[in-house]
Amino acid sequence: MTATPETPARSGASVLLAAELPALPGRTLDPSELLAWVRELAANPRLWERHVRHDTEGRYFVSLYRDTDIDVWLLCWSTRGDTGWHDHDTSAGAVLVTRGAVVENRPRLGGTPTNRTVPAGRGFAFGPDHIHRMAGAVDGSISIHVYSPPLWHMGQYSISRSGVMRRFAVSYADELRPLDG
């Protein structure tokens, strides 16, 4: 099931309480701090596994927690789930795969995008300048994503066959999808 307007993913409502989460420092976190923090959260599946749902048509996502400094999302992937090219505007982020694997692609000027498969137990962090595209590598994959400062706006990209890249501003609550240019 893909997130709908009634789910926490779109409403911005948190499903976890701050007291349930690993210690929050009360400030914006840098990429390495986000990766350490999401590893700690992922190591405690009782906090997030009740929110796992899978949709063979794409991906399911739910907002786990949001405050003035951090934004936490759970994503459940099928191999048909694809975010399309996007950035996270002014937010740094970290992703930790807890089950299965996801593929991250990064665009390259004048070349083929780079890609890597990130398996369960592995993660990566990035700054606000990071543009990528993510997809499920294995049906039933799960990843946890954290951003700081919290997402408000994102950039969604189309890349034409001739290599022209266009950015479209979207809200953090909009579902990311491929924009073929």
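Nothing in this text is a laboratory measurement; each read-out follows from the coordinates by a stated rule. Keep in mind that this is a model prediction, so the values were computed, not measured. Here the Cβ is made from the backbone with ideal geometry for all residues, glycine too, and neighbour counts use every protein chain on show.
Any residue at all in the range 50-69 that's aliphatic (A, V, I, L, M), surrounded by fewer than 20 Cβ atoms within 10 Å (Cβ to Cβ), touching a residue at least 12 places away in the same chain (Cβ under 8 Å) and over 19 Å from Leu35 (Cα atoms)? Yes, the range 50-69 contains at least one residue that is aliphatic (A, V, I, L, M), surrounded by fewer than 20 Cβ atoms within 10 Å (Cβ to Cβ), touching a residue at least 12 places away in the same chain (Cβ under 8 Å) and over 19 Å from Leu35 (Cα atoms).
Of everything in the range 143-181 that is among the hydrophobic types (A, V, I, L, M, F, W, C) and under 13 Å from the mean Cα position of the chain (by Cα), the residue that is surrounded by the most Cβ atoms within 10 Å (Cβ to Cβ) is Val146. In contact with a helix residue (DSSP H, G or I) (Cβ under 9 Å, 6 or more places away or on another chain) and in contact (Cβ under 8 Å) with a residue 60 or more places away in the chain - does that describe any residue in the range 147-156? Yes, the range 147-156 contains a residue that is in contact with a helix residue (DSSP H, G or I) (Cβ under 9 Å, 6 or more places away or on another chain) and in contact (Cβ under 8 Å) with a residue 60 or more places away in the chain. Within the range 91-141, the residues that satisfy the criterion of being in contact with a helix residue (DSSP H, G or I) (Cβ under 8 Å, 6 or more places away or on another chain) and buried (at least 20 other Cβ atoms within 10 Å of the Cβ) are Ala92, Gly93, Ala94, Val95, Leu96, Thr98, Gly123, Ala125, Phe126.
Looking only at the range 125-181, residues that are touching a Pro at 6+ places or on another chain (Cβ under 7 Å) and either aromatic (Phe, Trp, Tyr) or in a loop (DSSP other than H, G, I, E, B) (or both) come to 3 in all. Of the strands (runs of 3 or more DSSP E) lying entirely inside the range 55-107, those containing at least 1 residues that are under 18 Å from Val118 (Cα atoms) and β-branched (Val, Ile, Thr) are 92-99. The residues on offer are Arg80, Arg99, Arg133, and the sole one that is of a type in the set (Lys, Arg) and out of contact with any strand residue (DSSP E or B) (no Cβ under 7 Å at 6 or more places or on another chain) is Arg80. When residues in the range 50-87 are screened for being hydroxyl-bearing (Ser, Thr, Tyr) and within 20 Å of Gln156 (Cα to Cα), 3 of them pass.
Select from the range 35-49 the residues that are within 10 Å of Ile142 (Cβ to Cβ) and touching a residue at least 60 places away in the same chain (Cβ under 8 Å) and list them in ascending order. Scanning the range 35-49 gives Ala42, Trp48. The conditions of being among the basic types (Lys, Arg) and assigned to a strand (DSSP E or B) are not met by Arg50.
Taking the range 108-124 as the range and being assigned to a strand (DSSP E or B) and either of a type outside the set (D, E, K, R) or in contact with a Phe, Trp or Tyr (Cβ under 8 Å, 6 or more places away or on another chain) (or both) as the test, the residues that pass are Gly111, Thr112, Pro113, Thr114, Asn115, Thr117, Val118, Pro119, Gly123, Phe124.
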